[in-house]
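This report concerns only the one structure given below.
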Amino acid sequence: MRFSDVIGQEAVKQQLRRLLKEDRMPHALLFAGPEGTGKLPMAFALAQRLLCTSPTPEGDACGTCSGCRMAAKLAHPDLHCVFPVFKPAGQSSGAVSDNFLKEWREQIAETPYFDRSTWLARIGVENQQSLINVAEARNILAKLVNRSSQGGRRVVVVWLAEQMNAEAANKLLKILEEPPFGTVFILTSDHPERMLATILSRTQRIDFKPLPETEMAAALERQCGLQPDDAKAVAHAAGGNFIKALQGVTVHADTAQFFDLFVLLMRLCYMRKIKDLHEWSEQLAGWGRERQKAFLDYAQRMVRENFMYNFHRPELNYMNRAEADFAVRFARFINERNVIGIMDELAAAQRDIEANVNPRMVFFDFTLKMIVLLIQ
Ligand SMILES: [Zn+2]
């Protein structure tokens, strides 16, 4: 990963380039700031830059030397990663990050923008406590006893440093203060206020600010292929947190599909195409329960929005462009005679899905009721 792969944070990049250029790189850095602002990607970019053997004149890693290639794959012998793991039941010594390197590399290859719960789900321990334990601290100390394998810099990246327990933190105090020559620690934390003061005082803190919407929107267009309008909407809802934006892309894809299915349902009901309505029901019946419930939520929102649309109070309407275009023609079909009936049927369908009633029956039954309700 290079600085150019990290979204925004130009001030931080400039500060790091300056420290590198003036050869004043501290031996322990703390990247602090809200979740989803790119602290971990920046840590990897800096690590690769430190391990690069022929940096560009602009101060970035070259991306092609063997140091860069190994660092990019997180396979550089002088790049060590520490992250929260769990203590396997029945084992006296805790697990260490090295046990989960394969999963770690897979996650970073997918995206370096992810949160703790995504990580714990990946290593299959969603419901367990995670921490950076003293076994981890001992492991790091043991690795740093030897000289660096390539004879140059060594970098230790610690993700979510606030998850270090006191024992582990105390074990690392001395080496953070006086690391072996050429070693740089990069700690990242969403919650530096939860870290020991003795650790904080041994690191140079660099603050990360929430990402501006324009930078996130541009990244969403580039990385996820979103259209400019969609990227803007997703970025707006993410509040400066790119992890949240990436989660929003998934929701957004669902919304687009839900919209198409809602429009199709209304057309088929209006035209009384029973056979097609049966097919429509079968399609939804094949989904998982959570998704079925999410669609029914969406349908309720659309009914509410279209009813509201009739009052010509745009400031009270919350629809995207496609939904608003549809409302121009459709809203008049949702009126004071049928709105309560339709909402009741949607709520009843949701309760039935929740109660494990056969979804084929629930959805087909619902479409038949919609045919009657829609013409009222
Ligand atoms: Zn290089």
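Brief remarks on what is shown
- Restricting segment 17-32 to residues that are out of contact with any helix residue (DSSP H, G or I) (no Cβ under 6 Å at 6 or more places or on another chain) and under 28 Å from LEU246 (Cβ atoms), the residue that is farthest from the ligand (Cβ to nearest atom): LEU30
- Note on segment 44-65: residues that are more than 8 Å from the ligand (Cβ to nearest atom) and either touching a Gly at 6+ places or on another chain (Cβ under 6 Å) or at pLDDT below 95 (or both) total 5.
- Residue under evaluation TRP119, criteria (1) of a type in the set (Phe, Trp, Tyr); (2) free of Cβ contacts under 8 Å to residues at least 40 places away in the same chain; (3) closer than 27 Å to ARG202 by Cα, criterion not met: (3)
- Check on ARG291, at negative phi, assigned to a loop (DSSP other than H, G, I, E, B) and in contact (Cβ under 8 Å) with a residue 24 or more places away in the chain: no
- Test: residue in segment 311-318 that is crowded, with 16+ Cβ neighbours inside 10 Å and of a type in the set (A, V, I, L, M): no
- Only one of the numbered conditions (1) at pLDDT below 95; (2) outside the structural domain of VAL85 (by TED's automatic domain parsing); (3) at negative phi; (4) not hydroxyl-bearing (Ser, Thr, Tyr) is not met by GLY239, and that is (3).
- Scope segment 10-38; condition of a type outside the set (Val, Ile, Thr), under 29 Å from TRP119 (Cα atoms) and touching a Gly at 6+ places or on another chain (Cβ under 8 Å); matching residues: PRO34, GLY36, GLY38
Residue by residue, here is whether (1) under 27 Å from the mean Cα position of the chain (by Cα); (2) closer than 27 Å to TRP119 by Cα; (3) part of a loop (DSSP other than H, G, I, E, B); (4) among the hydroxyl-bearing types (Ser, Thr, Tyr) holds:
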| residue | (1), (2), (3), (4) |
| --- | --- |
| LEU40 | yes, yes, no, no |
| PHE44 | yes, yes, no, no |
| THR56 | no, no, yes, yes |
| GLY67 | no, yes, no, no |
| HIS80 | yes, yes, no, no |
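The values are calculated or read from the model by the stated rules, or taken from the named source; none is laboratory data. Given the structure is predicted, the values throughout are model-derived calculations rather than measurements. In this analysis, Cβ positions are derived from the backbone assuming ideal geometry, glycine residues included, and neighbour counts consider all displayed protein chains.
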